[in-house]
Amino acid sequence: MIQKEGFQKFQKFCEFLYLTIRKPGDIILRKGDLGQKFYLILKGTVSLIYYNPKNKKALRLLQDEKDCTPNYEDSTLFQSYVFKELHVGDHFGDLALIDEGMVSSTIICKTDCEFACMDKQHFWKFVGKHISLLDKIKLLKQCSLFEVWTDSELRALSFEFHFKTFHHNQIIFSQGSENVSIYVVSSGFAELMMIKNGQQYLISRIDYGQAFGDDLQINQSTVKCGSPKLEVYAIQKQIIYRFLEQRIELKHFYEEQSIQKRIWRTKRLEQLIKMEQLRQQKELNSKKSNCAQNDTQQLLNTIKESKTVSVQTSSIRRISNYVDNLDFEQKQQQNRQILIKFNKISPNQSVEYLEINQQRKSSQKKKKEQQEQNQIMSSVSKLLQEYRSIVHSSKLQKIKSSRSLSQNQQVSSLYSPKSSNATTGINFFITPRRRQFLIQGIPLQK
């Protein structure tokens, strides 16, 4: 208050404080009551008392805590235990004033105590209703670790969380270090990494409302700030274990969640290692293939350099222009003699005619392609001729067969007796055997 709003406002704040004195055993606040005052301890110590349900009836009453407040002092339903002690300089009762809720724990004086108190209305004027504690409770409700906890337990637990900030690439804790506190992200994000065989793997990203550092004894991973700025609420593990010792169900739930997270992280690490091995194998194969290609090119270059010499095409063209009537081999010999004469090559070296050879090869390829096309066309034309001859011969056979049938019918009509009456006339059915008889001139009897 002094740093943000000045010393004058702090003086006015102190003007509304008043002194109260209590004896040992006095109950200052009861769990379930509405908050009325803010207390600042000036002298003595007080103890915070929490209650655990003994049976199912007590659990139902806790679930309906907002509608009707149960009697926590009933020993048949609840068992009380001292969770924490507050000393000089500590304060309490402010959370119930801020969210206008119920008191989360019973507070009893352990020794003679003196308190500086302030009423609700004056507290609201100076502090206000909206403060970071409400944000803490909302954040804890979204976190998976505390989703089974009741509202009163979360309100009590929110006192123990402390605000911390980290900057980009700042390491929060490293793998293998002792697990001291648990962190819940309120803004920004963190990166969880694991180291295996000297190599670091990014396992997951931790965003708003997610917790980290919940390993059982030793941190199994390294966590660093991934965003430009990371804001978290941190709590010591010992404080959470105090809560969990009184609630066995919550303890089992907490341990199961931590085990499941550890199993998931190990599986994720194995997947990343396999992916990295596959990537390295691909890189090695590509490097080997590139090395083999380079080696072959180097060998070819050394062979060419030792036996051949490349010559500019302009000199060859000038020489070959006035010798167009000669053959290609004769041109090569003349060019070689001229090059030796001008000391461009030695007599033991051979000349590689780049452009001429390329033109010659291209012309040879064209000739081969034309020859192949001509062969294909000739074979196709032969096939067509054969097909036409076959079709023509089949047509001739059909015509001959039709003519022979007509002649046979004429012969059968000659040998078959005719009469004007249909009853006296006799018609023969001409079988192949009878057709032979008719052709040979043998008369057919009835």
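The values are calculated or read from the model by the stated rules, or taken from the named source; none is laboratory data. Model, not experiment: these values are computed from the prediction. Counting neighbours? That spans all protein chains shown, and the Cβs are built from the backbone with ideal geometry, glycine included. Just so you know, the surface numbers come from the protein's heavy atoms only, side chains and all, with ligands and any DNA or RNA stripped out. Shrake-Rupley method; radii C 1.70, N 1.55, O 1.52, S 1.80 Å.
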How high is the relative contact order of the range 102-196? Use alpha-carbon pairs under 8 Å, at least six apart in sequence, and give a whole percent. 29
Cα-Cα over 28 Å, subset of LYS54/LYS251; LYS37/LYS251; LYS224/LYS287; LYS138/LYS224: LYS37/LYS251; LYS224/LYS287
Sorting PHE212, PHE7 by accessible area (1.4 Å probe), largest first, what list results? PHE7, PHE212
So how far apart, in nm, are the two label points at GLU270 and THR111 if each is 7 Å from Cα heading toward Cβ? 5.8
Candidate lysines for bridging to LYS395, where Cα separation is under 24 Å - those fewer than 8 sequence places away on the same chain excluded: LYS382
Scoring the range 126-279 by relative contact order with C-alpha pairs under 8 Å, at least six apart, yields a percentage of 27
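If you rank THR20, THR106 by how much accessible surface each has, with a 1.4 Å probe, what is the order from largest down?
My answer, sorted largest first, is THR20, THR106.
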Sorted list, accessible surface of protein heavy atoms, 1.4 Å probe, largest first, for ILE218, ILE182 is ILE218, ILE182
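Which FRET efficiency value, to the nearest 0.05, do you get for ARG60 and GLN280 by plugging their Cβ-Cβ distance into 1/(1 + (r/R0)^6) with R0 = 51 Å?
Numbers: r = 60 Å, r/R0 = 1.17.
Once the sixth-power term is evaluated, E becomes 0.30.
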Taking a spot 7 Å from the Cα of GLN142 along the direction of its beta carbon, which residues of the range 163-207 have an amide N less than 14 Å from it? 184-190, 206-207
Among LYS120/LYS141; LYS31/LYS110; LYS57/LYS120; LYS120/LYS237, the pairs whose Cα-Cα distance exceeds 22 Å are LYS120/LYS141; LYS57/LYS120; LYS120/LYS237
Express in nm, to one decimal, how much length is gained between LYS196 and SER80 on full extension, taking 0.36 nm for each residue of separation and deducting their alpha carbon distance. 37.0 nm
Where labels lie 7 Å past Cα in the beta-carbon direction, separation of THR150 and LEU383 in nm: 9.4
Mind grabbing the accessible area of ASP26 for me, 1.4 Å probe, Å², rounded to tens? 50
Pop a pseudo-label 7 angstrom from the Cα along the beta-carbon direction at both LYS366 and GLN334 and give the gap in nm to one decimal. 2.3
1/(1 + (r/R0)^6) with r = Cβ-Cβ of ASN179 and SER47, R0 = 30 Å, i.e. FRET efficiency to nearest 0.05, evaluates to 0.60
Quick shape check on the range 181-268: root eigenvalues a ≥ b ≥ c of the Cα gyration tensor, a/c under 1.5 is rounded, otherwise prolate if a/b tops b/c, else oblate, and it reads oblate
For THR45, tell me the accessible area in Å² from a 1.4 Å probe, rounded to the nearest 10. 30
Normalised alpha carbon radius of gyration of the range 135-186 [divisor 2.2 N^0.38 Å]: 1.31
With every protein chain left in place, what is the accessible area of TRP264 in Å² (1.4 Å probe, nearest 10)? 130
Within the P(r) computed for the range 1-145, what percentage of the Cα pairs occupies the region above 19 Å? 60
